[in-house]
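Student: Please see the structure below; I have some questions.
Read-outs throughout are calculated quantities, based only on the coordinates presented, and are distinct from any laboratory measurement. Source: prediction; values computed, not measured. Every residue, glycine among them, receives a Cβ derived from its backbone with ideal geometry; neighbour counts consider all protein chains shown.
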Amino acid sequence: MMDRPGRILALFTGQRRRLIAEAVRLTGDTALAEDIVQEAWIRLSQGAAGTSIDAPVGYVSRVVRNLALDEYRQRRRREQVTTPAHDDDPDMPDGEAVGVERVLIARQELALVTAALAQMPSRMRRAVELHRVSGAPLREIAAELGVSVTTAHGLVTQGVERCRKCLEPKRH
């Protein structure tokens, strides 16, 4: 059982290299991995005062892994947003890879998703916004909404599914 911040420090000191190696494996970036391990230390040391942890090594490893995966997902989202789409259209002049048609389609899709969000219950809408727009992890969403992580996951899943359905072509 772990019940003192001093034990967490000792655990981090003893496991630091292994934790960084795990974070490097997940992120591919040593500097980022060190930042992730530092963030895990900060989070755990702030929350460890009155907490008892039965399997501290596994718990610390899980925190580092979750932070690394969150960072990986956020980086992928940023890359998807900032990487321009490339058209293979030979008639499209260089520098105009995103045509007027794509812009119009994107605006229409945005309007549909905005309407779908407006029709959602407020907690579901907030969960989707926090997760998909802000990149907040489920634990933070759960804390903000005052629900369990499982409930937060369900709200995000249901909300994203509603957004996907609004973008599906209408079948007659």
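Student: As an exercise, use a Förster radius of 45 Å and the Cβ-Cβ distance of Val103 and Gln46 to find the FRET efficiency, rounded to the nearest 0.05.
Tutor: It comes to 0.50.
Student: Given 0.36 nm per residue, what is the gain on full extension from Gln119 to Glu34 after removing their alpha carbon distance, in nm? Let's see the in-between values first.
Tutor: Working: separation 85, 0.36 × 85 = 30.60 nm, distance 4.21 nm.
Using 0.36 nm per residue and subtracting the Cα-Cα distance, I get 26.4 nm.
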